Structures are given as C-alpha cells and as structure tokens.
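Notes to accompany the following structure.
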Amino acid sequence: MQTRTLGRTGREVGVVGLGCWQLGGDWGTVGDDDALATLGAAVDAGVTFLDTADVYGDGRSERLVGRFLRGSGRRDVLVATKMGRRADPHEPAAYTLDAFRAWNDRSRENLGVDTLDLVQLHCPPTPVYGDDSVFEALDTLVQEGRTAAYGVSVETVAEGLAAVARPHVASVQIILNPLRMKPVTEFLPAAAEAGVGVVVRVPLASGLLSGRYDERTTFPADDHRNYNRSGAAFDVGETFAGVPFEVGLQAARRLSAVAGEVPLAAFTLRWIVDQPGVSVVIPGARNGEQARGNAAAADLPAPTAQQREEVSAVYRELVAEHVHDRW
C-alpha cells in the first residue's frame with residue numbers, strides 16, 4: 001500500500017487505515033473473535049494506522065487493539081487513540097494536566113504500552129483551542145514519555161484551522177467525504193502548509209456511501225445511526241456526516257452512477273485519498289471482508305476529472321445547504 005508521512009509524527013502510514021469505533025460499540029455488537037479477525041485482515045492487507053479512543057466501548061476497543069498487537073508481534077503499526085470525552089461534564093475546565101495524565105494512564109494500560117504513539121483530543125469544546133495551558137499540558141505528556149506525539153480530532157473547519165496553528169500539533173482528524181467537502185478547499189491547504197498530518201474520519205458517512213442502504217433500512221437500538229440521528233448523544237455531524245438520511249440516499253444513488261463499475265465505498269475512499277494534504281483515511285469495518293475491501297481501494301485508479309466534477313455537482317445540488325455552513 002502507498003504510504004505517506006503523518007505530519008509532525010514523522011511516521012509513515014498506509015493511506016488507508018482502520019477506524020476501530022465499531023470494535024468497541026455504538027454500531028451493534030461485534031464479538032471479540034470477529035474484532036480480532038477484522039484487525040488481522042486489515043493489517044495483512046497493508047493497514048499500518050489504527051484509530052481508537054478511550055470511550056469506544058469504555059476502553060474495549062483499545063483493549064482489543066492492544067491484545068491484537070501483542071499477539072501479532074507487529075511493530076510497524078501506529079496506534080492513535082483519543083482522550084477527553086470521559087470528562088463529565090464535558091467542558092473546557094476539564095482539560096487539565098492531571099486529567100490528561102489519568103486518561104493517558106488508562107489508555108496505556110488498555111493498549112499495553114508505556115508510550116502512546118499518538119493521542120488526540122477527542123472533539124474538545126471550542127474554547128479549548130485557544131487555551132495555551134491545554135497545549136502546554138500536552139507538551140508535558142510528550143516530555144514525560146507518556147505519548148510520542150499529540151493531535152486533535154475536530155468537528156469544524158474553524159477548529160481545524162485553530163489546531164494547525166499550534167506549533168506541536170502533529171495531526172488533525174476531520175470529517176471529509178463527498179457529502180462533507182468544505183475541508184477540501186478551506187482546511188487541507190492550511191494543514192499541508194503547516195506540515196500537519198490529516199486523518200480523515202467518517203469517510204463513508206456512517207455507511208451512507210456504502211451504497212447498501214435504502215428507505216427501508218433500519219438500525220439496532222444500540223447503533224448511533226438510530227439514537228443519534230438528531231444529535232441526542234453527540235454532535236450530529238458524526239452520524240451520516242450530518243446529512244439528513246433521505247437526502248444522503250439521493251446523493252448516494254447519484255454518486256453510485258458516477259462511480260460506474262467501481263463499488264461506491266471503494267470509489268469514495270479513493271476519492272478521499274486523492275485529495276492533496278490527506279495523510280490517511282480511516283474507514284471502519286465489522287469483519288475481515290470489509291477491512292480487505294477498504295484497503296484494496298488504495299490500489300484503484302484515481303477518479304477522472306469528469307468524475308471529480310460530478311462529485312462536486314452532487315454536493316452543490318443536494319448536500320451543501322445542509323452541512324456546509326454548519327461545520
């Protein structure tokens with residue numbers, strides 16, 4: 001798989017990684033054996049970047065990733081985790097050095113490592129980006145050897161721009177896909193100029209861009225695509241990329257026609273990888289077949305100029321009014 005440097009970490013990672021939220025929870029049940037098989041299939045297919053968080057399954061995702069890596073003996077995989085969403089209430093005052101150390105200790109124990117490869121603030125409240133003490137505390141974690149590098153997972157382009165302006169932020173994780181195109185022109189150039197890595201999450205818009213859903217599709221009660229459609233549990237932009245489900249279905253059908261003979265999910269991942277400034281895209285997977293299919297998208301031909309324009313047209317005509325000014 002093609003590799004790229006992940007910003008200020010200096011580490012090379014495959015352009016398609018694996019998002020491990022599904023392995024922890026909030027997407028229906030995935031058993032331990034299935035989770036470990038998914039991780040194995042992804043890494044065997046060339047994935048060298050795994051993204052998890054301390055709140056995915058209350059640490060279950062981290063523990064599964066750590067268990068897999070110990071069992072596989074792989075040393076070339078970069079594991080990124082996140083912290084901050086354990087704060088209750090989730091407010092700027094919670095982002096202290098003491099809290100960071102406690103969250104960091106828990107993640108290191110879950111993953112079974114002394115030093116985290118990369119820890120990301122997990123969509124913190126907007127005022128955090130302007131608080132020097134927060135980033136000084138993150139610098140302290142690096143100095144203490146608790147983490148090798150740190151980044152930020154953001155909700156909005158404005159937050160992403162604030163993050164890349166911080167001199168020691170190694171990477172920024174952001175939502176980007178054909179239904180969320182604002183970062184292409186308003187964020188990626190700034191990240192590239194700053195030398196900050198870009199991790200793209202929610203690439204398939206919670207499965208909308210898999211091409212498998214229709215108006216009859218339903219989701220389990222414990223699946224965020226059921227309980228968070230209106231943003232009841234967390235930012236609605238994390239569920240179907242913030243696009244109303246019915247609008248997303250219309251867009252997905254048009255995009256499937258643009259993709260032609262290539263499956264829509266694979267076309268979408270290849271489209272994302274083609275955006276200048278993207279370091280790695282992190283689709284999730286619930287089984288080995290999905291993980292292998294996602295990784296294989298890296299080897300597809302790049303979208304043509306006509307396909308890129310048609311993707312933009314779908315965004316302008318159907319989607320932009322719902323998302324562009326919000327995030």
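Observations on the structure shown:
- Of the residues making up segment 211-226, those that are open to solvent by 80 Å² or more (accessible area, probe 1.4 Å) and either basic (Lys, Arg) or outside any loop (DSSP other than H, G, I, E, B) (or both) number 2.
- Being open to solvent by 10 Å² or more (accessible area, probe 1.4 Å) and either part of a helix (DSSP H, G or I) or under 17 Å from Glu62 (Cβ atoms) (or both) is a property that Arg8 has.
- Checklist (1) open to solvent by 10 Å² or more (accessible area, probe 1.4 Å); (2) touching a Lys or Arg at 6+ places or on another chain (Cβ under 9 Å); (3) of a type outside the set (Gly, Ala, Ser); (4) assigned to a loop (DSSP other than H, G, I, E, B) applied to Asp54, failing item: (1)
- Residues being within 14 Å of Thr9 (Cβ to Cβ) and either surrounded by 24 or more Cβ atoms within 10 Å (Cβ to Cβ) or over 17 Å from the mean Cα position of the chain (by Cα) (or both) - total across segment 114-137: 5
- Qualifying residue in segment 271-286 (condition: polar (S, T, N, Q) and within 13 Å of Leu209 (Cα to Cα)): no
- From the options Ala251, Ala291, residue that is touching a Ser or Thr at 6+ places or on another chain (Cβ under 6 Å), assigned to a helix (DSSP H, G or I), small (Gly, Ala, Ser) and in contact (Cβ under 8 Å) with a residue 12 or more places away in the chain: Ala291
- Looking only at segment 148-163, and only at residues there that are of a type outside the set (Gly, Ala, Ser) and surrounded by fewer than 24 Cβ atoms within 10 Å (Cβ to Cβ), the one that is nearest to Gly84 (Cα to Cα): Glu155
- Matching residues, segment 149-170, being charged (D, E, K, R) and out of contact with any Ser or Thr (no Cβ under 9 Å at 6 or more places or on another chain): Arg166
Condition check ((1) touching a Cys at 6+ places or on another chain (Cβ under 9 Å); (2) of a type in the set (A, V, I, L, M); (3) closer than 23 Å to Val15 by Cα; (4) part of a loop (DSSP other than H, G, I, E, B)) across all residues:
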site: Val47; (1), (2), (3), (4): no, yes, yes, yes
site: Glu62; (1), (2), (3), (4): yes, no, yes, no
site: Gly71; (1), (2), (3), (4): no, no, no, no
site: Ala80; (1), (2), (3), (4): no, yes, yes, no
site: Arg85; (1), (2), (3), (4): yes, no, no, yes
site: Pro89; (1), (2), (3), (4): no, no, no, yes
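- Filter pass, Val199 being among the β-branched types (Val, Ile, Thr), open to solvent by 10 Å² or more (accessible area, probe 1.4 Å) and farther than 18 Å from Thr239 by Cβ: no
- Scan segment 164-183 for residues that are hydrophobic (A, V, I, L, M, F, W, C) and surrounded by fewer than 19 Cβ atoms within 10 Å (Cβ to Cβ) and the total you get is 1.
- The number of residues in segment 59-96 being over 27 Å from Ala37 (Cβ atoms), of a type in the set (Ser, Thr, Tyr) and either in contact with a His (Cβ under 9 Å, 6 or more places away or on another chain) or surrounded by fewer than 19 Cβ atoms within 10 Å (Cβ to Cβ) (or both) comes to 1.
- Residue match in segment 239-247 (condition: surrounded by fewer than 17 Cβ atoms within 10 Å (Cβ to Cβ) and either part of a strand (DSSP E or B) or hydroxyl-bearing (Ser, Thr, Tyr) (or both)): no
- Take the conditions (1) touching a residue at least 24 places away in the same chain (Cβ under 8 Å); (2) touching a helix residue (DSSP H, G or I) at 6+ places or on another chain (Cβ under 6 Å); (3) more than 16 Å from Asp114 (Cα to Cα); (4) of a type in the set (A, V, I, L, M, F, W, C); Ala87 misses just one of them, which is (1).
- Contacts under 7 angstrom Cβ, first residue in segment 156-177 being more than 12 Å from Trp327 (Cα to Cα), partner open to solvent by 10 Å² or more (accessible area, probe 1.4 Å) and of a type in the set (Lys, Arg), 6 or more apart: Ala170/Arg8; Gln173/Arg201
- Restricting attention to segment 165-196, the residues that are in a strand (DSSP E or B), more than 23 Å from Phe267 (Cα to Cα) and among the β-branched types (Val, Ile, Thr) total 2.
The values are calculated or read from the model by the stated rules, or taken from the named source; none is laboratory data. Source: prediction; values computed, not measured. When we count neighbours, we look across all protein chains shown, and the Cβ atoms used for this are built from the backbone with ideal geometry, even at glycine. These accessible areas exclude ligands, DNA and RNA; they are computed on the full protein's heavy atoms, side chains included. Shrake-Rupley method; radii C 1.70, N 1.55, O 1.52, S 1.80 Å.
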